[in-house]
Amino acid sequence: MHNHNSANSLEGHSYAGRLTQDEAAILDQMSKANVRPRQILNTLRQRDKNNASTLRAIYNARQRNRIKEVGGRTQMQQLLHLLEDNMYLSWHRKDPESNVVTDLFWSHPDSINLLKSFPYVLLIDCTYKINRYRLPLLEIVGVTSTDIIFSVGFCFLSSETMSNYTWALNILRGLLDGWPTPSVFVTDRELGLINAIEEVFPQCSHQLCTWHINKMVLTNTKKMFARNDDFQLFNKRWTDLMYATTETSFELMLATLRVEYADVKGLLNYLEDTWLRDYKNRFVRAWTNPLFHLGETITQRVESAHSTLKQHLGTCTANFEALWSVIHGMLDIQHNKIKSSFEVSLNVVQHGYMDGLYRRLRGYVSLKALKLIRNEVERGVNVGIDRSLCGCDLRTTCRLPCAHELNVHILAGSPIPLEDIHVYWKKLSMVPDASVNRTAYNLNDELQRVVSKFETFVDEDSHVRTIQQLREISCPSSTSCIAPQAKVKTRGRPR
């Protein structure tokens, strides 16, 4: 007997809201795919209109699954366990007193293979407000021969100093052991990063993002002009200066700029002191066009990668483990897209490249390379075989035949030789070249060095620290490292 009427609805009743075995399996799969609880609940209700589960039931089920998965491990132990299980390479630094992680770097095995296959141009930039620790995330991005970006590695930094950047770049250099080093790095004007690149990769060229430069120049100079028409004219003069294709034309344009704006207080000093004196060779085309930069002169593509990550993440308070889970899923999609683009270039013959001119290139170079060549053929109508009219920008920046070279083949009625194409454009696989000469390591010799060093220690603390480090190498999930403390909100009244 009950002293109340029967319920009109089963929602809110824990027994009726239990998940079936199939529903629990669906929840587990969707949770691993980073689907949000509300969307999981909507999916379950669409499958069964009589489902009486509540959002709280979904949260509770997810929490039970997480407790079971973690198995008593700390956050850092769980993170390193996941990295090891999925064959990531990872590095970290920690405070020796507190064991708190200060810097953390990880890279997917397929990302490393892509780096070795396409190391020529790398874009580097930091993003913020992406984790509960408020650590900047440094992302390194490369570009495949099919014009798709790939994420080389993700690095959380305790601060944006030259020391932190140098640590991250030394890891990058280690990943390239035996393979070609980058031709060009593209960054914004982050002085610590610029100095670190010059120290770790002294033989590599560095370019500044022209978009950031233009934005900063326009922001800082607009207030110097009383009339908008005068400011717009200056904007055109500055843009022309940035795009000067020869050192002679640059000097002439700069001389004209100095005469025209000699009366604008502070303008010339700002331009020369901040940009032109020390950095003109890093963004003016007269100096950058001879470099093999694949047309990458801005960091917009790495910022696009930041945006994609934040869209997948959906929050700015994620911990390391949640970030890794989102990044892992994002990389899986990214790598599948790249593999698909390789297959299209290998097997699909587009109508625009049926001409005999491309006969030796079809199926051997990427469609992106063919597109650039076709655009150059169209430009060559007004160039002929005159090298001085050509400019040869495509040859220098992309290592592809430029207009006057293509016209020679067209006039001779011969196809473009495959040898005229740089190896970058002919690489249509994620498998790196196995013929490189890597540094040879002997494990027994290295272990003997560790033992010899261990025997020289006289204090017990050094022995303990060395044993802990060795245990972390053999079993990362046993780490004693501690995740940084979550930063409290700084807005609003303290409670």
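The values are calculated or read from the model by the stated rules, or taken from the named source; none is laboratory data. Note that this is a predicted model, so its numbers are computed, not measured. Reconstructed Cβ throughout: ideal geometry from the backbone, glycine too, with neighbour counts over all protein chains shown.
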Looking across the range 431-442 at residues that are of a type in the set (A, V, I, L, M) and at pLDDT below 75, the single one that is nearest to His335 (Cα to Cα) is Ala434
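Which residues, counting only those in the range 363-392, are in contact with a Cys (Cβ under 7 Å, 6 or more places away or on another chain) and either over 24 Å from Glu343 (Cβ atoms) or of a type in the set (Phe, Trp, Tyr) (or both)?
Restricting attention to the range 363-392, the residues satisfying the condition of being in contact with a Cys (Cβ under 7 Å, 6 or more places away or on another chain) are 372, 376, 383, 390, 392.
Correct list: Glu376, Val383, Cys390, Cys392.
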Looking at (1) over 27 Å from Thr102 (Cα atoms); (2) in a loop (DSSP other than H, G, I, E, B), can you tell me which one Thr317 breaks? (1)
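When only residues in the range 271-321 that are aliphatic (A, V, I, L, M) and without any contact (Cβ under 8 Å) to a residue 60 or more places away in the chain count, which is surrounded by the most Cβ atoms within 10 Å (Cβ to Cβ)?
Taking the range 271-321 first, the residues aliphatic (A, V, I, L, M) are 271, 276, 284, 286, 291, 294, 298, 302, 305, 309, 313, 318.
Adding the requirement that they be without any contact (Cβ under 8 Å) to a residue 60 or more places away in the chain leaves 271, 276, 284, 286.
Working: Leu271: 20, Leu276: 18, Val284: 24, Ala286: 19.
Per the criteria, the residue is Val284.
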With the checklist (1) more than 17 Å from Ser477 (Cα to Cα); (2) modelled with pLDDT of 90 or more; (3) of a type outside the set (Ser, Thr, Tyr) in hand, flag the one item Met87 doesn't pass. (1)
Please go through the range 244-275 and give me each residue that is under 16 Å from Phe234 (Cα atoms), among the β-branched types (Val, Ile, Thr) and in a helix (DSSP H, G or I), ordered by number. Thr256, Val259
Please name all residue pairs, on different chains or six or more residues apart, with Cβ atoms under 9 Å, provided the first residue is in the range 258-269 and is in the same structural domain as Phe231 (by TED's automatic domain parsing) and the second residue is in a helix (DSSP H, G or I) and of a type in the set (Val, Ile, Thr). Val264/Thr221; Gly266/Thr221; Leu267/Thr221
Which numbered condition in (1) touching a Pro at 6+ places or on another chain (Cβ under 7 Å); (2) surrounded by fewer than 22 Cβ atoms within 10 Å (Cβ to Cβ) is the only one that Ile171 fails? (1)
Quick check on the range 414-426. Is at least one of its residues modelled with pLDDT under 75 and surrounded by fewer than 16 Cβ atoms within 10 Å (Cβ to Cβ)? no
Determine, yes or no, whether Phe225 is outside the structural domain of Asp393 (by TED's automatic domain parsing), at pLDDT below 95, touching a Lys or Arg at 6+ places or on another chain (Cβ under 9 Å) and not acidic (Asp, Glu). no
Taking the range 176-187 on its own, how many of its residues are at pLDDT 95 or above and out of contact with any Phe, Trp or Tyr (no Cβ under 8 Å at 6 or more places or on another chain)? 2
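Among the listed residues Leu411, Leu400, Leu370, which satisfies the condition of being crowded, with 17+ Cβ neighbours inside 10 Å and in a helix (DSSP H, G or I)?
Working: Leu411 fails: crowded, with 17+ Cβ neighbours inside 10 Å; Leu400 fails: in a helix (DSSP H, G or I).
Answer to the selection: Leu370.
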Leading residue by the ranking (nearest to Leu89 (Cα to Cα)) among those in the range 454-473 that are in contact with a helix residue (DSSP H, G or I) (Cβ under 8 Å, 6 or more places away or on another chain) and part of a helix (DSSP H, G or I): Glu472
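Where in the range 82-128 are the strands (runs of 3 or more DSSP E), entirely inside, with at least 2 residues that are out of contact with any Pro (no Cβ under 7 Å at 6 or more places or on another chain) and surrounded by fewer than 20 Cβ atoms within 10 Å (Cβ to Cβ)? Lay out the reasoning, then the answer.
Details: elements: 89-94, 101-107, 121-127.
Fully inside the range 82-128 and qualifying: 89-94.
Which one of these is at pLDDT 95 or above, under 25 Å from the mean Cα position of the chain (by Cα) and outside any loop (DSSP other than H, G, I, E, B): His306, His335?
Numbers: His306 fails: at pLDDT 95 or above.
So the residue among His306, His335 that is at pLDDT 95 or above, under 25 Å from the mean Cα position of the chain (by Cα) and outside any loop (DSSP other than H, G, I, E, B) is His335.
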Check Glu198, Glu160 and return the single one that is within 28 Å of Glu272 (Cβ to Cβ), surrounded by fewer than 20 Cβ atoms within 10 Å (Cβ to Cβ) and either touching a residue at least 12 places away in the same chain (Cβ under 8 Å) or within 19 Å of the chain's Cα centre (by Cα) (or both). Glu160
